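Notes follow once the structure below has been shown.
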Amino acid sequence: MLVTQHPVLRRFWYAVMPIKKLDDGPKPFTLLGEHIVLWKMSDGTPAAARDRCCHRTARLSKGYVEGDNIVCGYHGWQYDCTGACVKIPQFTSEKIPSGARVDAYRCQEKFGYVWVALEEPLLPLIDTPEEGDPAYRRIHQFDEEWKTGALRLMENSFDTAHFAFVHKGTFGQNNQPKPEFFEIRETDYGFEAEAIVPINNPPESHRITGSTSPTTKRHFHNQWHMPFFRRLGLVYPSGIHHTIFTCATPIDDGRIQIIQWLYRNDTEEQCPAALLNEWDIKVVAEDKVILESVDPDAPCDVSLLLEQHMPSDRPGLLMRKRLLALLREHGEKETLSVTHTR
Ligand code: FES
Ligand code: CO
């Protein structure tokens with residue numbers, strides 16, 4: 001599915017960057033192939049608009065913020081958060097033409113990130129009980145660009161058959177190529193998946209898991225939220241909750257912005273955030289090498305037989321089925337990359 005070719009994908013919320021990044025001025029982002037500018041208004045709330053001035057097309061992200069408005073760096077035209085041009089400094093008595101405006105997008109801050117929906121969202125932005133609960137701390141893990149497809153990252157997040165290979169350097173057990181237990185239940189937003197997989201617990205992860213046992217059975221309670229959002233819920237036998245949220249925000253058909261944060265019900269003294277991030281970044285770096293080697297375009301229509309499958313691919317196959325149904329419900333036909341040849 002070439003994500004930039006499907007308008008329905010514009011109807012979801014996507015995390016685009018930590019809100020802190022807007023402290024020193026506007027920033028550009030590309031979401032589903034659309035160039036947008038993000039800025040922070042005087043009350044601290046973020047705003048998003050098309051990154052193209054309606055005067056001579058300059059990137060507004062090259063400009064600056066004045067009060068609540070974004071100012072074009074070329075001739076100083078100013079736009080408010082609705083995209084309306086509210087000031088043309090060269091005008092003295094002339095009226096601002098009604099066509100002087102840029103597209104603006106729905107934008108909000110949540111969990112410390114800026115979220116954008118290019119069009120009327122089909123689902124509300126998620127909530128989670130950990131947020132705001134004093135028993136939990138929220139830790140920003142990383143925010144970076146990967147050269148892969150959003151669906152590729154999502155299906156990898158639920159694929160328990162890759163641990164023994166991709167993660168043999170961290171927690172994977174090479175004699176465990178498939179999970180011991182796996183169950184999946186469809187929901188309105190996507191699905192919930194439960195898995196039990198025997199894994200290694202090397203010394204580097206002892207403080208993270210709160211256990212010194214060399215091996216453990218990892219019990220996953222995960223959720224997939226359409227289209228490209230994952231919640232990974234781990235409860236270690238030590239009683240520590242380790243809940244990861246991962247966004248595969250589609251930049252275009254070949255790139256994603258991967259944004260990840262974590263909730264823990266322990267303290268910085270028990271396990272420093274730097275240590276947690278070091279471990280999780282090491283694990284995802286293993287995924288990155290492989291995911292940047294796959295064709296970024298994952299075909300949703302499995303009847304085309306463009307890829308082979310195995311039973312443990314069920315989560316990914318269910319994602320494809322649901323995404324294909326979503327396209328069809330909105331009168332769209334899947335567009336595929338020309339790289340798919342039989
Ligand atoms: Fe933006 Fe002229 S191009 S003000
Ligand atoms: Co992995």
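What follows is calculated from the coordinates using simple rules that are stated; it is not laboratory data. All values reported here derive from a predicted model rather than from experimental measurement. Neighbour counts run over all protein chains shown; Cβ positions are idealised from the backbone, glycine included.
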Residue (of PRO179, GLN223, PRO237) at the positive-pole extreme of the stretch 169-251, dipole from beta-carbon charges | PRO237
May I ask for the net charge around PHE165, where only other residues with Cβ less than 12 Å from the Cβ of PHE165 are counted and Lys, Arg are +1 while Asp, Glu are -1?
-> -1
Excluding LEU232 itself, calculate the net charge of residues whose Cβ lies under 11 Å from the Cβ of LEU232, where each Lys or Arg counts +1 and each Asp or Glu counts -1.
-> +2
Per the Cα gyration tensor, the stretch 208-342 corresponds to an equivalent ellipsoid with semi-axes, largest first in Å, of 34, 16, 15
On Cα atoms only, tilt of 314-329 relative to the major axis of the chain in degrees = 30 degrees
Quick one: dipole size for the stretch 98-151, taken about the Cα centre, charges +1 on Lys/Arg Cβ and -1 on Asp/Glu Cβ, in debye to the nearest 20.
-> 120 debye
Quick one: angle between helix 273-291 and the longest Cα principal axis of the chain, in degrees between 0 and 90, rounded to 10, please.
-> 90 degrees
Select from THR92, THR212, THR267 the residue whose mean-square fluctuation is largest in a Gaussian network model of the chain (Cα-Cα springs shorter than 10 Å).
-> THR92
Which residue, ILE259, ILE126, ILE36, tops the fluctuation ranking in a GNM of the chain built on C-alpha contacts under 10 Å?
-> ILE126
If packing is taken as the mean number of other Cβ atoms within 10 Å per residue, what is the order of 326-335, 293-302, highest first?
-> 293-302, 326-335
Using every Cα-Cα pair within the chain, state what percent have a distance larger than 28 Å.
-> 47 percent
If one builds a Gaussian network model of the chain from Cα atoms under 10 Å apart, the most fluctuating residue listed among GLY172, GLY132, GLY112 is GLY132
Hey, in the chain, which Cys have no second cysteine's beta-carbon closer than 4.7 Å?
-> CYS54, CYS81, CYS85, CYS107, CYS247, CYS271, CYS300
